[in-house]
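Chemist: First, the structure itself, so that you have it in front of you.
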Amino acid sequence: MLRVVLAEDSVLLRAGLTELLTRGGHEVIAAVGDAQALARAVDDARPTLPDLVITDVRMPPGQHDEGLRAALELRARHPGLPVLVLSQYVATAYQLFGGSGGPEAAGLGYLLKDRVGEVSEFLDAMRRVAGGQTVIDPEVVRVLLVQHAQSRPLRRLTPREREVLGLMAEGLNNQTIAQRLTVTEASVVKHAGNIFMKLDLDPTEGNRRVLAVLAHLRGETA
């Protein structure tokens, strides 16, 4: 069971998420509708911090990126606080991960709101973020890859290596990638090694691996 603080300004979506999380066996210790209330809810939960914060990007009072900024401020005050950001937009993912690297990226997730409808995937993403993993929405990864499929470094990759790259960027480990592609884990390890060599990326496992891939893709979009 996860203790969750939820921030979403839509009353209907907030109620729906609360019901979804409760049915999934989790405890929603606070469900709020603006960024200031989010910060207060996390502080009020002390001395024990929530296991996970879920927040929308655009929230009152300005309906810009208040939720995202609140999440980043909470992470600054409480390093390692797991945060899962929900958004309707691909672009704001860069703001969440742009300054993160290494252990600072642990326990961060970014999902498009459409993903909530895929209940099992959404709940799995929650568990992974709460467990310290980095989770990126597949659509964010797809857009990045499509935008620069013809870039010189990505042209070095085989079609299968591009598939593996995309799944790596979502935060999946080698075993899960192997299951998704119906290949052996040894094949994934081989493909990953080729990808890191061809793109000059740090081959470290875990969150640093995800951030290395994202940093490369962001560089290609700059």
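The values are calculated or read from the model by the stated rules, or taken from the named source; none is laboratory data. Source: prediction; values computed, not measured. Glycine gets a Cβ as well: all are built from the backbone with ideal geometry, and neighbour counts include every protein chain shown. Please note that ligands, DNA and RNA were not included when accessible areas were found on the heavy atoms of the full protein model with its side chains. Shrake-Rupley method; radii C 1.70, N 1.55, O 1.52, S 1.80 Å.
Chemist: Please tell me if residue 12 is open to solvent by less than 40 Å² (accessible area, probe 1.4 Å) and either more than 16 Å from residue 83 (Cα to Cα) or under 21 Å from the mean Cα position of the chain (by Cα) (or both). Steps first, answer last, please.
Modeler: Numbers: open to solvent by less than 40 Å² (accessible area, probe 1.4 Å): no; either more than 16 Å from residue 83 (Cα to Cα) or under 21 Å from the mean Cα position of the chain (by Cα) (or both): yes.
Judged against the criteria, residue 12 is not a match.
Chemist: Is one or more of the residues making up segment 150-162 at pLDDT below 85 and among the β-branched types (Val, Ile, Thr)?
Modeler: No.
Chemist: Restricting attention to segment 173-189, does a residue exist that is basic (Lys, Arg), outside any strand (DSSP E or B) and either open to solvent by less than 80 Å² (accessible area, probe 1.4 Å) or closer than 20 Å to residue 96 by Cα (or both)?
Modeler: Going through segment 173-189, the residues basic (Lys, Arg) turn out to be 180.
Filter once more, keeping what is outside any strand (DSSP E or B): 180.
Still in the list and also either open to solvent by less than 80 Å² (accessible area, probe 1.4 Å) or closer than 20 Å to residue 96 by Cα (or both): none.
Among the residues of segment 173-189, not one is basic (Lys, Arg), outside any strand (DSSP E or B) and either open to solvent by less than 80 Å² (accessible area, probe 1.4 Å) or closer than 20 Å to residue 96 by Cα (or both), which makes the answer no.
Chemist: Out of segment 74-93, which residues are surrounded by fewer than 14 Cβ atoms within 10 Å (Cβ to Cβ) and either touching a helix residue (DSSP H, G or I) at 6+ places or on another chain (Cβ under 7 Å) or under 25 Å from residue 11 (Cβ atoms) (or both)?
Modeler: Of everything in segment 74-93, those that are surrounded by fewer than 14 Cβ atoms within 10 Å (Cβ to Cβ) and either touching a helix residue (DSSP H, G or I) at 6+ places or on another chain (Cβ under 7 Å) or under 25 Å from residue 11 (Cβ atoms) (or both) turn out to be 88, 89.
Chemist: Taking the options 123, 144, name whichever one is open to solvent by 10 Å² or more (accessible area, probe 1.4 Å), touching a residue at least 60 places away in the same chain (Cβ under 8 Å) and part of a helix (DSSP H, G or I). Before you say what the answer is, go through the steps one by one.
Modeler: Values: 144 fails: open to solvent by 10 Å² or more (accessible area, probe 1.4 Å).
Of the residues listed, the single one that is open to solvent by 10 Å² or more (accessible area, probe 1.4 Å), touching a residue at least 60 places away in the same chain (Cβ under 8 Å) and part of a helix (DSSP H, G or I) is 123.
Chemist: Given (1) out of contact with any strand residue (DSSP E or B) (no Cβ under 8 Å at 6 or more places or on another chain); (2) at pLDDT 90 or above, identify the lone condition not met by residue 50.
Modeler: (1)
Chemist: Right, something else. As an exercise: evaluate residue 7 against (1) at pLDDT 95 or above; (2) open to solvent by less than 40 Å² (accessible area, probe 1.4 Å); (3) farther than 18 Å from residue 116 by Cα and give the number of the one condition it does not meet.
Modeler: Every condition holds for residue 7 apart from (3).
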